[in-house]
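Encoded as structure tokens, the structure appears first; notes follow it.
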Amino acid sequence: MPTLDSFEEHVIEALALYWNVDIHVVAVMPQGRTALSPWRGREHLLHALIHVAYKPKTLQLIHQNETEGRFDLALLCNLATHISTANRRGEVSVLLQWVALEMCYDAVVDYERSTSLYDWIVRLRTDLVYLEALPLAYPLSLGTANVYVPSGGMTVDSDYRCMNDMVFICPRNLCRPYFKMLELWQSPLCVKSHLTGLSTIFAPSADMPNGQFAPPTKPYLVPQTPNASRGNSWAGAFMSAQWYFFARYVRAPARPCLVNESTSQCCGLIREFAWPYAIRRRRGYLECQHRLMKGPSRRPHEADSIYRPNFFANASAYLNRCLAVEKADLLNADYCSARIGYFGPYPGPTRSCANASKRVLNLGNTMVDLDWGSKFGLTARPILTKNE
């Protein structure tokens, strides 16, 4: 199974050469008729299966309607005033993922109280298929003065450089602003009108992000996201909500990068790193072309490659590797026809359950696939601590 296999090979095993690695998981169970529908009322079994697959230190299950309940627009300062454009931009759907991110971060903080602080935190999605080792696997490959996002893979829009919300790597003392971003709308100090003397959501200095150690302590205004740039002019639609985490690490006004700027000029404390990956939306489809080949976001102008070589020059080689994984996924001999009982029919061949791999668990009379990524949309986040 490519998502879990690549996670083990290119994240866990690679990092274990130099780091002790802990995993903390928050699983969001979607509404409607989905792959998780049969698990409603049987969450304890799903909980056990995730433990088998990821062996997390902490694990929380939350239903999608619970995340929406914690993100009531009517109670969120200023976001409701932007709702007419927020829905079109997908702003609310983008921000909802931070409910689970904050839950996971809070679990990490609680866990640290009984052990010690981690050196790094890495946020990952479990529907990603990684094509080489996470750069942090190499000692001293990433400096501790910055936080990091992949230089490509999220969108074709070059305005979103340094705003990739699929992967986030941070040294421990710079993590809080990212994982606690929702406090910008939940704090009683958020005001709904422009007043003189207000604080801001931007980084107060070049080496300190907004909210590094604590929630806001002075009244402030949450601004509308800026217009997206087109070339060297400012026009077009408002940017989506990824801009808000970007803004916490960048000095005001935190405008998007222009095409003729390097990452170090416009991204504040954020740096890009090169890490080729694809997304497994469904069995046998990894979005290889869309995530790896030429495009504005996959080949950002003067992408920051101080710490790691840029993979874009070798995009065709990674594409071929990705396509090979995709083909093997579609033709996987371990595919078991009995899974149809829970998940519905998949394209591709079926085989007898007698030949199913160890990644398939038997719950009663039903074989359950442990490749969670594309089916369950889990948010698994390996949390790193340095080896002694």
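The values are calculated or read from the model by the stated rules, or taken from the named source; none is laboratory data. Note that the structure is predicted; figures quoted are calculated from it, not measured. Glycine gets a Cβ as well: all are built from the backbone with ideal geometry, and neighbour counts include every protein chain shown. Remember, those area values only see protein heavy atoms, side chains included, never the ligands or the DNA or RNA. Shrake-Rupley method; radii C 1.70, N 1.55, O 1.52, S 1.80 Å.
Residue 331 to residue 9: extension gain in nm, 0.36 nm per residue of separation minus the Cα-Cα distance? Write out the running numbers ahead of the final one.
On the way: separation 322, 0.36 × 322 = 115.92 nm, distance 2.07 nm.
That works out to 113.8 nm of additional length.
In Å², what does the accessible area per residue of segment 191-290 work out to with a 1.4 Å probe? Intermediate values should be presented prior to the final figure.
On the way: 4390 Å² over 100 residues.
Per-residue value: 44 Å².
Under a plain spin-label model, where a point goes 7 Å from the Cα along Cα-to-Cβ, how far apart in nm are residue 281 and residue 48?
Roughly 3.5 nm, to one decimal.
Which FRET efficiency value, to the nearest 0.05, is calculated for residue 206 and residue 112 with the Förster distance at 25 angstrom and r the Cβ-Cβ distance? Walk me through the intermediate numbers first.
Numbers: r = 28 Å, r/R0 = 1.11.
E between residue 206 and residue 112, to the nearest 0.05, is 0.35.
Within segment 143-222, what whole-number % of the accessible surface is contributed by carbon and sulfur, with the 1.4 Å probe and all protein chains included in the calculation? Please list the in-between numbers first.
Values: 1830 of 3070 Å².
For segment 143-222, the apolar C and S fraction of the accessible surface comes to 60 percent.
Can you order the peptides 214-226, 175-187 by their average number of other Cβ atoms within 10 Å per residue, highest first? Before the final figure, lay out each step's value.
Working: 214-226: 15.5, 175-187: 21.2.
Highest to lowest by the protection proxy: 175-187, 214-226.
At a Förster radius of 30 Å, what calculated FRET efficiency corresponds to the Cβ-Cβ distance of residue 196 and residue 227, to the nearest 0.05? Could you put the intermediate results ahead of the total?
Values: r = 25 Å, r/R0 = 0.82.
With R0 = 30 Å, the Cβ-Cβ based efficiency is 0.75.
Please compute the modelled spin-label separation between residue 261 and residue 20, points set 7 Å along Cα→Cβ, answer in nm with one decimal.
Between residue 20 and residue 261, the simple spin-label model gives 4.1 nm.
Packing-wise, with mean Cβ within 10 Å as the measure, how do 195-206, 140-151 rank, highest first?
Values: 195-206: 13.4, 140-151: 19.6.
Highest-to-lowest ranking by the protection proxy: 140-151, 195-206.
What ³J(HN,Hα) values, in whole Hz, does the Karplus curve 6.51 cos²θ - 1.76 cosθ + 1.60 give for segment 314-330 when θ = phi - 60°, with x put for Gly and Pro?
Per-residue couplings from phi come out as 10, 4, 5, 5, 5, 4, 4, 5, 5, 5, 5, 5, 4, 5, 5, 5, 5 Hz.
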